[in-house]
Amino acid sequence: MSETYDPADLEAKWQREWEKTQLYQTRSPNASKKKFYALSMFPYPSGNLHMGHVRNYVITDVIARIQRMRGSEVLHPMGWDAFGLPAENAAIDRGIDPRKWTINNIDQMRNQLKRLGLSIDWDIEQTTCEKDYYQWTQYIFIELYKRNLVYQKEAMVNWDPIDKTVLANEQVDSEGKSWRSGALVEQKHLTQWFLKITQFADSLLNDLDDLTDWPERVKTMQRNWIGQSKGSEFDFVVSNSEKEQIKVFTTRPDTIYGVTYLVLSPENPIVDKIVDYETTGLITQFRAQVDKLTIDERLSDTKPIKGMYIGATAIHPFTGRHIPIWIADYVLNEYGTGAVMGVPAHDSRDYSFAKRYNLLLKQVISKEGIPHNGPVSEPYIKSGKLIDSDQFTGLDSEVAKDQITKYAQSIGCGRTKIQYRLRDWLISRQRYWGCPIPIIHCSTCGQVPVNNVDLPVELPENINLKLHDGSPLSSQNEWLNVNCPSCGRPSIRETDTMDTFMCSSWYFLRFADPFNNQLPFSNEKIQQWLPVDQYVGGIEHAILHLLYSRFLTKALSTTKLINLKEPFKKLLTQGMVQGLTYKNPKTNKYIPNILIDDPKKPIDPETGDPLQVIYEKMSKSKHNGVDPKLVIEKYGADTARMFILFKAPPEKDLEWDSADVEGQYRFIVRLYKQVNKYHKRNISISSITNNNINNESLNDNEKRLRRSLHNAIKAITDDLDGSLQFNTAISELMKLSNSINELVDKVNDQVAAETFSHLVRLLAPFAPHIAEEFWELIGGSGSVHLSSWPIHDEEAISINSYKLVVQISGKVRGTIDISSDTSKEEIEEIALKSDITKKWIDGKNIKRIIVVPGKIINIVI
């Protein structure tokens, strides 16, 4: 072992050795070894790792390594979410094939990941754009299609005008912008493919309660997105029609007698059935105006509501009164029934609408149940007592809700109803670089799935993507025109491709059975490995990826392919990595760090304005990123790992600080020197265990070092269970290193060997390369990463002595170790002979000595 630490050579050496010996190859669990499935959310292959990637994958790697040392068979794989718009757009910009661009990026990122020393089984790597993967994505689509969980319909959809494709509701942010391009989303009527996620709304909601090891924040976000509302549904029969009914959902059935009008979505199909001919043209104009609005604009509380009376009425189911039917921009056809009842005296939006269009207001609830005299000046939206509500007058609101619904049910015009905010998942995209939808359109047979033996439906190659405004696949005649699998007549392929989330919402299942060429996975393998024991990824995936993955798992369970309730047992959402950022508060412009001359008084080099110094998420646009490659080249992967783990708890945001990176590097160098020094004692660790060290026969220094060692084992083990506090675990390693510095030269060979044997194993998950080097140096057998995790010795921890605080005239001057059974007189004698006391007394007269056994001695001079 060299006298100086050279991380580049040392880490390359052990990475070659691990690959040669296939150290991290997955082995099937058996009766004697339990399984552990550790998984990071797989990345999009952008071409370069950023520090967020490093944090995610290092966290998961530490967990995998610990479980391997605890005797589990570990599945720790990696893959690539390789389809999608960024690759297609990049390919268009560069004039290259998106597949070539993607595969080159994957090769580059794989090499970067390997430099981190991750214990990944690269033999089972999965890439979603490869035929041997997306064949099974298409297979899964067909299985769901056969069970009526996939359908195609015309719908008002979110259209990204920059990326020229449809977006799911979950891919539109709170400002109505595309999650990828940032474009303001438009609304379009298009025929699209959907998955029936709403059919699983109950189980998706209720089963969140079983996910006890998920962050509550993530579960709350999913609950809110699913959006369960319990209420009642009432039927309003359209006047002069026996068949047409308008169903309306409400959470306030107690206000039913206050309904004075109905409002429909302009897109509601019933509108065209009940309007007269003269009104049709005006409705068409109104719809054209509404189509220009985003969903957020339609639902906004700050803009004026627009509506139109359609010339039809409906019959109030309780009073028999005819009430007008309107259409308005704020009612969405995709939510609820596409119709709402207008109760302007008891709802703020209804009140504004009624005032704008001079509609009737009728108060049916008041605080004390006393009728209101005069016009309604503001809506009463709270609960109270019913008034002017026939036999329900005088009832409390909560009681009335139940009784009114039961009465409606008894006369056949209403019922209890649970409604969800969740909409079906729109999966079709009008772009090239995605998984082709395996459907053929036949003029005779309709929609026909591609036969399984003909999968995968491959993407055509050598397309000039710049020439296409719609789907590029629609102009590929040779690819497009096929014979119907059912009747053999000339037909055409579906030209939409699938949302990339379709590919990424089942990949964790494929890792369990990666070489299966008959099925995407066997239930036997799924039962062996699933659910994922520890899943690690960002909070930004709380709704999109995590919700879709849960849904697909439940949907696939209906196909009998698998029998699995939930895909992920434990979830850790790691915090962001933030970089030091300079921002001009006047212009909101970010200034690159390299342009800052004086970090203590930073100014904008162009304007001279003082800059704001903050920590923000690392990104190119903020010029605050740190290239992992540069850190690894300078300090080594082990240092980068140790810093990422030590700087902050994994769920918290991490502020990058180069000084702290230096600190971790110095700590590794210190360990390097300590192990080198131990190596020169020529002591083998092979025969050392806790059981063959008699604690009673040891001197005080040996007991102290063993106490430090086994306290560290206990504390680190506790830190790595449950809440995964890697930062405090590394802090314990530092404390143990301090104890070694102080005591290792004063202990026998047995205690020294035990100390270094356990130290290296405790270090191994965090800094795997240097730990492997240490293990070889001190005579460890095999790889340290296959050695057993240390178990603390309770006898070594038990305190037979304590630290006596020494005060001189009331001021603490130090501590000395005292045996627990030392008498008061003996404590005085030991304290007076100690170096601490001699230094501070220095010939002065002692007035008195106060001793509190077990705690303190105060020598007054």
Sole exception among (1) open to solvent by less than 20 Å² (accessible area, probe 1.4 Å); (2) in contact with a His (Cβ under 9 Å, 6 or more places away or on another chain); (3) under 30 Å from ILE818 (Cβ atoms); (4) not acidic (Asp, Glu) for THR717, by number: (1)
Scan of the stretch 30-65 for residues that are open to solvent by less than 20 Å² (accessible area, probe 1.4 Å), among the small types (Gly, Ala, Ser) and outside any loop (DSSP other than H, G, I, E, B), ordered by number: ALA38, SER40, ALA64
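Just to be sure before I move on: is GLU524 closer than 22 Å to ALA87 by Cα and either over 24 Å from the mean Cα position of the chain (by Cα) or of a type in the set (A, V, I, L, M, F, W, C) (or both) in the structure I sent? Break it down stepwise before answering.
On the way: closer than 22 Å to ALA87 by Cα: no; either over 24 Å from the mean Cα position of the chain (by Cα) or of a type in the set (A, V, I, L, M, F, W, C) (or both): yes.
No; evaluated as a whole, the condition is false for this residue.
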Condition first: open to solvent by less than 40 Å² (accessible area, probe 1.4 Å), touching a residue at least 24 places away in the same chain (Cβ under 8 Å), among the hydroxyl-bearing types (Ser, Thr, Tyr) and assigned to a loop (DSSP other than H, G, I, E, B). Now tell me which residues in the stretch 513-559 satisfy that. THR559
Go through the stretch 464-498 and give me each residue that's in a loop (DSSP other than H, G, I, E, B), of a type in the set (Gly, Ala, Ser) and modelled with pLDDT of 95 or more. SER486, GLY488
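Of the residues ALA82, ALA31, ALA12, which single one is touching a Phe, Trp or Tyr at 6+ places or on another chain (Cβ under 9 Å) and hydrophobic (A, V, I, L, M, F, W, C)?
Numbers: ALA31 fails: touching a Phe, Trp or Tyr at 6+ places or on another chain (Cβ under 9 Å); ALA12 fails: touching a Phe, Trp or Tyr at 6+ places or on another chain (Cβ under 9 Å).
Every option except ALA82 fails the conditions.
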Quick check on my filter: what residues within the stretch 338-373 are open to solvent by 60 Å² or more (accessible area, probe 1.4 Å), in a helix (DSSP H, G or I) and farther than 13 Å from ALA328 by Cβ? SER348, LYS355
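Tell me which helices (runs of 4 or more DSSP H) are completely within the stretch 616-709 and hold 2 or more residues being surrounded by 15 or more Cβ atoms within 10 Å (Cβ to Cβ) and in contact with a Pro (Cβ under 7 Å, 6 or more places away or on another chain), or say none if there are none. Talk me through it step by step, then tell me what you get.
On the way: elements: 628-635, 637-646, 658-679.
Correct list: 637-646.
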Go through the stretch 818-838 and give me each residue that's touching a Phe, Trp or Tyr at 6+ places or on another chain (Cβ under 8 Å) and surrounded by 12 or more Cβ atoms within 10 Å (Cβ to Cβ). ILE818
Give the number of residues within the stretch 116-125 that are within 28 Å of LEU630 (Cα to Cα) and crowded, with 19+ Cβ neighbours inside 10 Å. 6
Some residue of the stretch 804-817 being of a type in the set (Asp, Glu), open to solvent by 10 Å² or more (accessible area, probe 1.4 Å), touching a helix residue (DSSP H, G or I) at 6+ places or on another chain (Cβ under 8 Å) and more than 30 Å from GLY636 (Cβ to Cβ): yes
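For the stretch 174-201, what are the residues that are in a helix (DSSP H, G or I) and either within 18 Å of the chain's Cα centre (by Cα) or of a type in the set (S, T, N, Q) (or both)? Quick ask: steps written out before the conclusion?
To start, the set of residues in the stretch 174-201 that are in a helix (DSSP H, G or I) comprises 197-201.
Those that are in a helix (DSSP H, G or I) and either within 18 Å of the chain's Cα centre (by Cα) or of a type in the set (S, T, N, Q) (or both): THR198, GLN199.
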Working only within the stretch 560-570, note down all residues that are open to solvent by 10 Å² or more (accessible area, probe 1.4 Å) and either touching a residue at least 60 places away in the same chain (Cβ under 8 Å) or of a type outside the set (D, E, K, R) (or both). LEU561, ASN563, LEU564, LYS565, GLU566, LYS569, LYS570
Single residue of the stretch 9-29 satisfying the filter (in a helix (DSSP H, G or I) and open to solvent by less than 30 Å² (accessible area, probe 1.4 Å)) that is farthest from PRO86 (Cα to Cα): LEU10
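The values are calculated or read from the model by the stated rules, or taken from the named source; none is laboratory data. Computed from a predicted model, the values in this text were never measured in an experiment. Positions of Cβ are backbone-derived with ideal geometry, glycine not excepted, and every protein chain shown enters the neighbour counts. All accessible areas refer to the heavy atoms of the entire protein, side chains included, with ligands and DNA or RNA removed. Shrake-Rupley method; radii C 1.70, N 1.55, O 1.52, S 1.80 Å.
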